[in-house]
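Nothing in this text is a laboratory measurement; each read-out follows from the coordinates by a stated rule. All figures in this text were calculated on a predicted structure; none of them were measured in a lab. Using ideal geometry, Cβ is built from the backbone for each residue, glycine included, and neighbour counts are taken over all protein chains shown.
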Amino acid sequence: MNSEIFERVKHCIQNSLGVSAEKITLKARIIDDLGSDSLDLLDILFSIEEEFGIKIKRGQIESMAREGFADGEFEQNGLITAKGTERLRNVMPEVDQTQIFEGMGIGRIPYLFTVETFCRLVENKLSEKN
């Protein structure tokens with residue numbers, strides 16, 4: 001993990017949430033550990049976009065996980081399938097893999113986001129840009 005990216009993402013999160021810098025570690029979960037809500041998530045993403053000069057689509061991580069899947073393969077009736085579970089684990093290797101399971105509600109995906117998730121997203125976007 002690029003330490004400069006981490007420090008800049010950390011700064012964005014700290015400004016958006018007002019939490020102490022010590023709480024913001026790579027493995028800290030944005031919602032459960034740092035107390036973010038959905039509006040805070042948008043604020044963090046906007047701040048990261050401004051900081052790095054990149055564009056992050058809403059639902060970017062879920063879109064990456066769904067890529068190449070036909071309707072109903074990734075999720076059915078709002079629940080992640082076995083194939084979807086495998087893909088999500090591949091797209092989010094930084095997340096505790098036991099937190100991603102078949103039958104998990106699609107609405108739980110944002111609860112998986114860690115500081116490292118955002119750092120990896122920035123790294124991917126910057127490499128696409130170059």
### Query
Does the range 62-78 include one or more residues that are in contact (Cβ under 8 Å) with a residue 40 or more places away in the chain and outside any helix (DSSP H, G or I)?
no
### Check on L121, hydrophobic (A, V, I, L, M, F, W, C), part of a helix (DSSP H, G or I), surrounded by fewer than 15 Cβ atoms within 10 Å (Cβ to Cβ) and on the phi < 0 side of the Ramachandran plot
no
### Message
Would you confirm, using the coordinates I've provided, whether R108 is outside any helix (DSSP H, G or I) and among the basic types (K, R)?
### Response
no
### Task
Scan the range 96-121 and report the pairs whose first residue is farther than 18 Å from G72 by Cα and whose second residue is of a type in the set (G, A, S) and assigned to a helix (DSSP H, G or I), with Cβ atoms within less than 6 Å and a gap of 6+ or a chain change.
none
### Query
Out of all the residues in the range 20-27, is one or more within 16 Å of the chain's Cα centre (by Cα), crowded, with 17+ Cβ neighbours inside 10 Å and in contact (Cβ under 8 Å) with a residue 12 or more places away in the chain?
yes
### Query
Name the residues in the range 56-86 that are basic (K, R) and more than 23 Å from I31 (Cβ to Cβ), would you?
K83
### Task
Name every residue in the range 28-40 that is crowded, with 18+ Cβ neighbours inside 10 Å and outside any loop (DSSP other than H, G, I, E, B), in order of residue number.
R29
#### Entry: Check on V95, assigned to a loop (DSSP other than H, G, I, E, B) and either under 28 Å from N15 (Cα atoms) or touching a helix residue (DSSP H, G or I) at 6+ places or on another chain (Cβ under 9 Å) (or both)
yes
### Message
Looking for something part of a loop (DSSP other than H, G, I, E, B), in contact with a Ser or Thr (Cβ under 7 Å, 6 or more places away or on another chain) and within 24 Å of D32 (Cα to Cα) - is there at least one such residue anywhere in the range 44-57?
### Response
yes
